[in-house]
Amino acid sequence: MNTLIRKAGPIAVAAMLVVLMAAPALARGAEVTQGSFGSFAGGTGHVDYGDISGHASMIRTASDKTIVVVTVSGLTPGETYGSHVHKQACDNGDAGGHYSFGFAVPGGALDGSEIWPGPFTANAAGRAVGTAVVGAVAGTEAVSVVVHAPGGAKIACADLS
Ligand SMILES: [Cu+2]
(Lines give C-alpha, C1' and ligand atoms only; values in the text may rest on other atoms or scores of the structure.)
Protein backbone atom coordinates (compact mmCIF):
# COMPACT_ATOMS: atom_id res chain seq x y z
CA MET A 1 0.00 0.00 0.00
CA ASN A 2 1.46 3.39 -0.86
CA THR A 3 1.03 6.47 1.25
CA LEU A 4 -1.72 7.98 -0.80
CA ILE A 5 -3.95 4.93 -0.56
CA ARG A 6 -3.19 4.56 3.15
CA LYS A 7 -4.24 8.16 3.73
CA ALA A 8 -7.30 7.85 1.53
CA GLY A 9 -8.13 4.41 2.95
CA PRO A 10 -11.16 5.12 5.15
CA ILE A 11 -12.68 7.44 2.58
CA ALA A 12 -12.10 4.96 -0.23
CA VAL A 13 -13.72 2.16 1.76
CA ALA A 14 -16.70 4.35 2.59
CA ALA A 15 -17.05 5.32 -1.06
CA MET A 16 -16.86 1.68 -2.09
CA LEU A 17 -19.60 0.74 0.37
CA VAL A 18 -21.84 3.45 -1.01
CA VAL A 19 -21.27 2.11 -4.54
CA LEU A 20 -21.91 -1.49 -3.47
CA MET A 21 -25.06 -0.59 -1.58
CA ALA A 22 -26.36 1.40 -4.53
CA ALA A 23 -25.49 -1.35 -6.99
CA PRO A 24 -28.71 -3.39 -6.73
CA ALA A 25 -30.83 -0.36 -7.64
CA LEU A 26 -28.53 0.55 -10.53
CA ALA A 27 -28.12 -3.01 -11.73
CA ARG A 28 -31.68 -3.50 -12.99
CA GLY A 29 -30.90 -4.69 -16.47
CA ALA A 30 -32.88 -4.47 -19.66
CA GLU A 31 -35.71 -6.95 -20.00
CA VAL A 32 -36.10 -8.52 -23.42
CA THR A 33 -39.12 -10.33 -24.82
CA GLN A 34 -39.16 -11.62 -28.37
CA GLY A 35 -40.75 -13.97 -30.83
CA SER A 36 -41.01 -15.06 -34.44
CA PHE A 37 -43.59 -13.85 -36.93
CA GLY A 38 -46.07 -16.29 -38.36
CA SER A 39 -48.73 -15.60 -40.97
CA PHE A 40 -52.32 -15.43 -39.89
CA ALA A 41 -54.39 -18.00 -41.75
CA GLY A 42 -56.70 -16.63 -44.41
CA GLY A 43 -60.17 -15.78 -43.22
CA THR A 44 -62.44 -12.95 -42.21
CA GLY A 45 -60.43 -9.78 -41.72
CA HIS A 46 -57.23 -11.46 -42.88
CA VAL A 47 -55.28 -11.54 -46.07
CA ASP A 48 -53.31 -14.74 -46.38
CA TYR A 49 -49.83 -13.64 -47.33
CA GLY A 50 -48.59 -17.19 -47.13
CA ASP A 51 -45.09 -17.30 -45.79
CA ILE A 52 -44.28 -14.16 -43.87
CA SER A 53 -41.46 -14.73 -41.45
CA GLY A 54 -39.26 -12.62 -39.26
CA HIS A 55 -38.64 -11.58 -35.71
CA ALA A 56 -39.87 -9.08 -33.17
CA SER A 57 -38.00 -7.95 -30.06
CA MET A 58 -39.12 -5.67 -27.27
CA ILE A 59 -36.49 -4.24 -24.94
CA ARG A 60 -37.60 -2.59 -21.73
CA THR A 61 -34.46 -0.66 -20.89
CA ALA A 62 -33.03 0.13 -17.48
CA SER A 63 -33.44 3.80 -18.40
CA ASP A 64 -37.25 3.41 -18.66
CA LYS A 65 -37.59 3.25 -22.40
CA THR A 66 -39.22 0.61 -24.58
CA ILE A 67 -37.57 -0.28 -27.87
CA VAL A 68 -39.28 -2.52 -30.42
CA VAL A 69 -37.43 -3.87 -33.44
CA VAL A 70 -39.10 -5.99 -36.11
CA THR A 71 -37.61 -7.67 -39.15
CA VAL A 72 -40.07 -9.12 -41.62
CA SER A 73 -39.61 -11.03 -44.87
CA GLY A 74 -42.03 -12.50 -47.39
CA LEU A 75 -43.67 -9.12 -48.04
CA THR A 76 -44.58 -7.59 -51.41
CA PRO A 77 -41.72 -5.37 -52.65
CA GLY A 78 -42.54 -1.68 -52.46
CA GLU A 79 -45.67 -2.18 -50.36
CA THR A 80 -46.10 -0.31 -47.06
CA TYR A 81 -47.31 -2.15 -43.97
CA GLY A 82 -48.63 -1.03 -40.63
CA SER A 83 -47.32 -2.62 -37.43
CA HIS A 84 -48.31 -2.21 -33.82
CA VAL A 85 -47.77 -3.75 -30.43
CA HIS A 86 -50.99 -5.56 -29.51
CA LYS A 87 -52.45 -6.55 -26.16
CA GLN A 88 -53.45 -10.18 -26.72
CA ALA A 89 -51.55 -13.26 -27.83
CA CYS A 90 -51.64 -14.08 -31.55
CA ASP A 91 -54.00 -17.02 -31.05
CA ASN A 92 -56.29 -15.07 -28.72
CA GLY A 93 -58.74 -13.11 -30.87
CA ASP A 94 -56.01 -12.52 -33.48
CA ALA A 95 -54.01 -10.50 -30.94
CA GLY A 96 -56.96 -8.22 -30.10
CA GLY A 97 -56.47 -4.47 -30.19
CA HIS A 98 -53.49 -2.21 -29.81
CA TYR A 99 -51.53 -2.08 -26.58
CA SER A 100 -51.98 1.34 -24.97
CA PHE A 101 -50.23 2.99 -22.05
CA GLY A 102 -53.52 4.78 -21.39
CA PHE A 103 -51.74 8.15 -21.60
CA ALA A 104 -49.33 9.89 -23.94
CA VAL A 105 -45.65 8.97 -23.67
CA PRO A 106 -42.63 10.44 -25.52
CA GLY A 107 -42.39 8.83 -28.95
CA GLY A 108 -45.78 7.17 -28.64
CA ALA A 109 -47.97 6.70 -31.71
CA LEU A 110 -51.52 7.75 -32.50
CA ASP A 111 -52.45 9.90 -29.48
CA GLY A 112 -49.01 9.19 -28.00
CA SER A 113 -50.16 6.17 -26.04
CA GLU A 114 -49.31 3.31 -28.42
CA ILE A 115 -46.18 1.57 -29.70
CA TRP A 116 -45.97 1.29 -33.48
CA PRO A 117 -42.86 -0.23 -35.08
CA GLY A 118 -44.46 0.57 -38.45
CA PRO A 119 -45.31 1.69 -40.98
CA PHE A 120 -42.45 0.25 -43.00
CA THR A 121 -41.99 -0.42 -46.69
CA ALA A 122 -40.70 -3.71 -48.08
CA ASN A 123 -37.55 -3.52 -50.17
CA ALA A 124 -37.02 -5.25 -53.53
CA ALA A 125 -36.42 -8.54 -51.69
CA GLY A 126 -39.69 -8.25 -49.78
CA ARG A 127 -37.95 -7.49 -46.51
CA ALA A 128 -38.54 -4.66 -44.08
CA VAL A 129 -37.28 -3.44 -40.74
CA GLY A 130 -39.35 -1.39 -38.33
CA THR A 131 -38.49 0.23 -35.02
CA ALA A 132 -40.21 2.14 -32.26
CA VAL A 133 -38.68 3.87 -29.25
CA VAL A 134 -40.91 5.29 -26.54
CA GLY A 135 -39.99 6.99 -23.30
CA ALA A 136 -41.83 4.67 -20.93
CA VAL A 137 -41.71 1.02 -19.93
CA ALA A 138 -44.42 -1.06 -21.58
CA GLY A 139 -46.75 -2.89 -19.24
CA THR A 140 -47.36 -6.62 -19.08
CA GLU A 141 -50.23 -6.38 -21.61
CA ALA A 142 -47.75 -5.61 -24.41
CA VAL A 143 -47.56 -9.23 -25.55
CA SER A 144 -47.54 -9.33 -29.34
CA VAL A 145 -46.63 -7.46 -32.52
CA VAL A 146 -48.95 -7.52 -35.55
CA VAL A 147 -48.17 -6.66 -39.17
CA HIS A 148 -51.07 -5.24 -41.17
CA ALA A 149 -51.53 -5.26 -44.94
CA PRO A 150 -52.27 -1.98 -46.70
CA GLY A 151 -55.92 -1.50 -45.82
CA GLY A 152 -55.48 -2.83 -42.32
CA ALA A 153 -56.00 -6.60 -42.44
CA LYS A 154 -53.88 -8.51 -39.92
CA ILE A 155 -51.45 -10.67 -41.89
CA ALA A 156 -48.76 -11.74 -39.43
CA CYS A 157 -48.15 -11.87 -35.69
CA ALA A 158 -45.33 -12.52 -33.26
CA ASP A 159 -45.92 -13.43 -29.62
CA LEU A 160 -43.41 -11.75 -27.28
CA SER A 161 -42.18 -13.95 -24.47
CU1 LIG B 1 -52.23 -3.56 -35.22
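Residue check: is residue 156 within 12 Å of the ligand (Cβ to nearest atom) and crowded, with 19+ Cβ neighbours inside 10 Å? The answer is yes for residue 156. Of the residues in the range 134-142, not one is more than 14 Å from the chain's Cα centre (by Cα), modelled with pLDDT of 95 or more and exposed (fewer than 15 other Cβ atoms within 10 Å of the Cβ). Restricting attention to the range 80-103, the residues that are surrounded by fewer than 16 Cβ atoms within 10 Å (Cβ to Cβ), at pLDDT 95 or above and within 16 Å of the ligand (Cβ to nearest atom) total 2. Checked against (1) assigned to a loop (DSSP other than H, G, I, E, B); (2) within 14 Å of the ligand (Cβ to nearest atom); (3) touching a strand residue (DSSP E or B) at 6+ places or on another chain (Cβ under 9 Å); (4) not hydrophobic (A, V, I, L, M, F, W, C), residue 151 passes all but condition (3). Looking only at residues of the range 58-79 that are of a type in the set (A, V, I, L, M, F, W, C) and more than 11 Å from the chain's Cα centre (by Cα), we find that the one that is farthest from the ligand (Cβ to nearest atom) is 62.
Here 137, 146 are screened, and the one residue that is within 10 Å of the ligand (Cβ to nearest atom), among the β-branched types (Val, Ile, Thr), in contact (Cβ under 8 Å) with a residue 40 or more places away in the chain and within 18 Å of residue 32 (Cα to Cα) is 146.
Take residue 114 and tell me if it is out of contact with any Cys (no Cβ under 9 Å at 6 or more places or on another chain) and surrounded by 20 or more Cβ atoms within 10 Å (Cβ to Cβ). Yes, satisfied.
Before we move on, is residue 106 more than 18 Å from residue 55 (Cα to Cα), surrounded by fewer than 15 Cβ atoms within 10 Å (Cβ to Cβ) and within 14 Å of the ligand (Cβ to nearest atom)? For residue 106, the condition - more than 18 Å from residue 55 (Cα to Cα), surrounded by fewer than 15 Cβ atoms within 10 Å (Cβ to Cβ) and within 14 Å of the ligand (Cβ to nearest atom) - is not met. Restrict the check to the range 26-38 and report whether at least one residue is within 14 Å of the ligand (Cβ to nearest atom), in contact with an Asp or Glu (Cβ under 8 Å, 6 or more places away or on another chain) and of a type outside the set (Ser, Thr, Tyr). Taking every residue of the range 26-38 in turn, none turns out to be within 14 Å of the ligand (Cβ to nearest atom), in contact with an Asp or Glu (Cβ under 8 Å, 6 or more places away or on another chain) and of a type outside the set (Ser, Thr, Tyr).
Among the residues of the range 123-133, those identified as touching a Pro at 6+ places or on another chain (Cβ under 7 Å) and either of a type in the set (Lys, Arg) or surrounded by 19 or more Cβ atoms within 10 Å (Cβ to Cβ) (or both) are 130, 132.
The values are calculated or read from the model by the stated rules, or taken from the named source; none is laboratory data. The structure displayed is predicted, hence computed values, not measured ones. With ideal geometry, Cβ positions are generated from the backbone for all residues, glycine too; neighbour counts draw on all protein chains shown.
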